[in-house]
Amino acid sequence: MQDIPTSLRESAIVLGLEPGAQLWKVYLPMASRTILAGIKTSAIINVGTATLAALIGAGGLGDPIISGLTNYDNNTLLQGAIPAAVLALLVQSGFDLLDRVFIPKGLRLPPARD
């Protein structure tokens, strides 16, 4: 929220908004993209960490990957890699939907064009 321009902060004060209203009507909507991006990044990192748990014997999504690497078996490796990749894509898609719900329309980034 520190990146919110000073002029916008002053505008909220000049409009007579109380501190609670400033938070809910100005600061949080302006910071919503950054907040959701941080949560999205940590969720996707958790999916990747779940695959690494097999390296310390904790099981998880990485068991078939480690078995496939150890036995030079591509089919077993793909049995672990494909679900992990699909899960990461599902998490990404879920957060894209949350972006549409929580980020005000005027603050959304336009879709990427190739």
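Some notes on this structure:
- Under the span-like rule (Cα at least 24 Å along the axis, Kyte-Doolittle mean at least 0.0), DSSP H helices of the chain: 28-52, 74-102
- In the assembled protein chains, ASP3 presents an accessible area of approximately 150 Å² (probe radius 1.4 Å).
- Global geometry of region 67-114, whether rounded, prolate or oblate, following the gyration tensor of its Cα atoms and the 1.5 cut on a/c: prolate
- For mean projected area of the Cα convex hull in nm², the value calculated from this model appears in [x] 5.9; [y] 10.5; [z] 11.4 under label [y].
- Only protein atoms count toward the accessible area here, which uses a 1.4 Å probe; on the chain, the carbon and sulfur part of that area reaches 64 percent.
- Solvent-accessible area per residue, Å², over the chain with all protein chains present [probe radius 1.4 Å]: 73
The values are calculated or read from the model by the stated rules, or taken from the named source; none is laboratory data. Bear in mind that the values here come from a model prediction, so they are computed numbers and not experimental data. The accessibility values were calculated without ligands, DNA or RNA, using every heavy atom of the protein model including side chains. Shrake-Rupley method; radii C 1.70, N 1.55, O 1.52, S 1.80 Å.
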